[in-house]
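J.: Have a look at this one.
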Amino acid sequence: MYPLNMFRVLLVLDIFNNCVVHAVRGQRDKYMPISNFSSVCTTSDPVEIVEHLMPDEVYIADLNRLQNKGRQDANSAAIKEISQKADTLLDYAITSMDEVADAMKLADTAVLGTETATFKTIVEAASEFPKQISVSIDMINGKVLKRDSGISQNPLDIIKELNDLDIRDIIFLDLDRVGTSSGVDTELIGKMASLSSHKMLHGGGVRNCEDIKNISEAGFSGALVSTAIHSGSIPLSVLYQNR
């Protein structure tokens, strides 16, 4: 268990066409500007949100790239500017080593998600950029969302396969719960933490500080949070509690 003053709370920024949107259940075609929902900011501009909320860490999903819509570099300038203001983890829809290198030019940590990356690319990236990449196990409809047929459908098997790699951390991204404030599966994440030699981060369904406590007690070292911050269910102070 991680004491809450050591627990990492990362502000999630889902960015499409330089606009932060409110992600719900991975249904990307239905995402709306975050300012339509938020009680803590009146803008959807990613840089302005970071300047206003002042998080220690952010997790960015580049939705132009993840959806292959619009200009593929539409969010790059904002991402680079944000990385100068907060420790930034970037899901850049990585499929190749060239894209790992591109992501590393924009952010502190490149996130390789099972949605887009092959296991071969994950292994190569961990070797070339030790402790500078994170691996995201992306789940939707109860299954691992993956491009590579060689990646297991069982997230516990994936965690064991990652144990020997020199990565920063593993993200468990439960897309079914994203934006729903529906809570977390503490039994599953407890099993994940017990098997992993890496730090674990949880994304999806976090409702309040009680959920953060439960995630910590399950053995995870951090959580990705958006909806609960913007709804006011979690205080802004958790975003910079470790300063």
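J.: Going by the conditions given, is residue 178 of a type in the set (A, V, I, L, M, F, W, C) and modelled with pLDDT under 95?
T.: Taking the combined requirement at face value, the residue satisfies it.
J.: Considering region 165-175 alone, what residues qualify as being of a type outside the set (Val, Ile, Thr) and either touching a His at 6+ places or on another chain (Cβ under 9 Å) or at pLDDT below 95 (or both)? Don't jump to the end; show me each part of the working.
T.: First, pick out the residues of region 165-175 that are of a type outside the set (Val, Ile, Thr): 165-166, 168-169, 172-175.
Result: 165, 168, 169, 172, 173, 174, 175.
J.: What number of residues in region 45-68 are out of contact with any helix residue (DSSP H, G or I) (no Cβ under 8 Å at 6 or more places or on another chain), among the aliphatic types (A, V, I, L, M) and part of a helix (DSSP H, G or I)?
T.: Adding up the residues that qualify gives 0.
J.: With the structure loaded, tell me whether residue 10 is in contact with a Pro (Cβ under 8 Å, 6 or more places away or on another chain) and either in a strand (DSSP E or B) or touching a residue at least 60 places away in the same chain (Cβ under 8 Å) (or both) or whether it fails that test.
T.: Taking the combined requirement at face value, the residue satisfies it.
J.: Another question about this same structure. Can you tell me which residue is farthest from residue 10 (Cα to Cα) among those in region 81-104 that are assigned to a helix (DSSP H, G or I) and either hydroxyl-bearing (Ser, Thr, Tyr) or touching a Ser or Thr at 6+ places or on another chain (Cβ under 9 Å) (or both)?
T.: So, considering only residues that are assigned to a helix (DSSP H, G or I) and either hydroxyl-bearing (Ser, Thr, Tyr) or touching a Ser or Thr at 6+ places or on another chain (Cβ under 9 Å) (or both), the one farthest from residue 10 (Cα to Cα) is 97.
J.: Go through 102, 108, 73 for me and flag whichever is open to solvent by 40 Å² or more (accessible area, probe 1.4 Å) and under 14 Å from the mean Cα position of the chain (by Cα).
T.: Values: 102 fails: under 14 Å from the mean Cα position of the chain (by Cα); 73 fails: under 14 Å from the mean Cα position of the chain (by Cα).
Among 102, 108, 73, only 108 is open to solvent by 40 Å² or more (accessible area, probe 1.4 Å) and under 14 Å from the mean Cα position of the chain (by Cα).
J.: So how many residues does region 148-184 have that are assigned to a loop (DSSP other than H, G, I, E, B) and hydrophobic (A, V, I, L, M, F, W, C)?
T.: Residues flagged as assigned to a loop (DSSP other than H, G, I, E, B) and hydrophobic (A, V, I, L, M, F, W, C) within region 148-184 amount to 6.
J.: Does region 130-143 hold any residues that are farther than 18 Å from residue 65 by Cβ, modelled with pLDDT of 95 or more and in contact with a strand residue (DSSP E or B) (Cβ under 7 Å, 6 or more places away or on another chain), and which are they?
T.: Scanning region 130-143 gives 132, 137.
J.: If you don't mind, there's one more thing I want to ask. Go through region 197-218 and give me each residue that's in a loop (DSSP other than H, G, I, E, B), open to solvent by 20 Å² or more (accessible area, probe 1.4 Å) and touching a strand residue (DSSP E or B) at 6+ places or on another chain (Cβ under 6 Å).
T.: Residue satisfying the conditions is 198 alone.
J.: Restricting to region 53-85, what's the tally of residues that are free of Cβ contacts under 8 Å to residues at least 60 places away in the same chain and either farther than 17 Å from residue 136 by Cα or of a type in the set (S, T, N, Q) (or both)?
T.: Within region 53-85, residues that are free of Cβ contacts under 8 Å to residues at least 60 places away in the same chain and either farther than 17 Å from residue 136 by Cα or of a type in the set (S, T, N, Q) (or both) number 16.
J.: Go through region 131-164 and give me each residue that's open to solvent by 20 Å² or more (accessible area, probe 1.4 Å), more than 19 Å from the chain's Cα centre (by Cα) and over 16 Å from residue 191 (Cα atoms).
T.: 148, 149, 150, 152, 164
The values are calculated or read from the model by the stated rules, or taken from the named source; none is laboratory data. This one's a predicted model, so the numbers in the text were calculated from it and none came from an experiment. Ideal geometry is used to build each Cβ from the backbone, glycine not excepted, and the neighbour counts take in all protein chains shown. All accessible areas refer to the heavy atoms of the entire protein, side chains included, with ligands and DNA or RNA removed. Shrake-Rupley method; radii C 1.70, N 1.55, O 1.52, S 1.80 Å.
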